[in-house]
Amino acid sequence: MKLIKLTLENFQGIKQFTLEPNGASMNVYGANGTGKTTLFNGLTWLLFGKASDNEPNYSPKTIDIDGSERHFLEHKVEGVFLLENGQILRLSKIFKERYKKPKGALQEDLAGHTTVYAIDGVVSNEREYDALIDRICSKDKAKILSMPTYFPQELDWQ
């Protein structure tokens, strides 16, 4: 599986960014705080639902300078991949807030979050999405290859 294009929107503070390696190997360089890890987190969240460091309870939400979450945004990652059989696969995830208006209230309250999964532009459920990724490359193998801390810290020693 080769990465053709990765697009982030409102993801961890990146308003909009597109990376197009077109299946080629690449290195990402930059000063601290310029988005290298955020870019990597976008890819690992898209494929595995986790940050690149396998952080539990990871959220792709945008955080303001004061440390508070920015609300009313959809946080989206889309990846276009070239599979070994020559097929092009487009995956996307959108993380968004759910609001409910209590009876008699003037404003809606934040009721939680939801993730919308799509395969080739068709909305899917999490189980189908994860199963497709697992058929392409098992999650353990992919995590070992892409997440530096997965092998020494997360994989069962046996």
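The values are calculated or read from the model by the stated rules, or taken from the named source; none is laboratory data. Just so we're clear, the structure is a prediction, and the values are computed from it rather than from any experiment. Cβ sites come from the backbone with ideal geometry, for glycine too, and all protein chains shown count toward neighbours. SASA here: full protein model, heavy atoms, side chains in, ligands and nucleic acids out. Shrake-Rupley method; radii C 1.70, N 1.55, O 1.52, S 1.80 Å.
If E128 satisfies every condition in (1) within 24 Å of Q12 (Cα to Cα); (2) surrounded by 10 or more Cβ atoms within 10 Å (Cβ to Cβ) but one, which is the exception?
(1)
Within segment 78-125, track down each residue that is in contact with a Gly (Cβ under 6 Å, 6 or more places away or on another chain) and at pLDDT below 95.
Selection gives R98 alone.
Filter segment 44-58 down to residues that are more than 8 Å from the chain's Cα centre (by Cα) and aromatic (F, W, Y), then give me how many there are.
Of the residues in segment 44-58, 1 are more than 8 Å from the chain's Cα centre (by Cα) and aromatic (F, W, Y).
List every residue pair whose Cβ atoms sit under 8 Å apart, with the two residues 6 or more apart in sequence or on different chains, where the first one lies in segment 29-40 and is within 13 Å of A51 (Cα to Cα) and the second, anywhere, is open to solvent by 40 Å² or more (accessible area, probe 1.4 Å).
That search, which allows pairs on different chains as well, returns K36/V28; K36/Y29; K36/G30; T38/Q12; T38/G13; L39/F17; L39/V28; F40/V28.
Kindly indicate whether M1 is open to solvent by 20 Å² or more (accessible area, probe 1.4 Å), farther than 21 Å from S138 by Cα and out of contact with any Lys or Arg (no Cβ under 7 Å at 6 or more places or on another chain).
no
Looking at (1) without any contact (Cβ under 8 Å) to a residue 24 or more places away in the chain; (2) over 14 Å from S146 (Cα atoms); (3) in contact with a Ser or Thr (Cβ under 7 Å, 6 or more places away or on another chain), can you tell me which one T7 breaks?
Unmet condition: (1).
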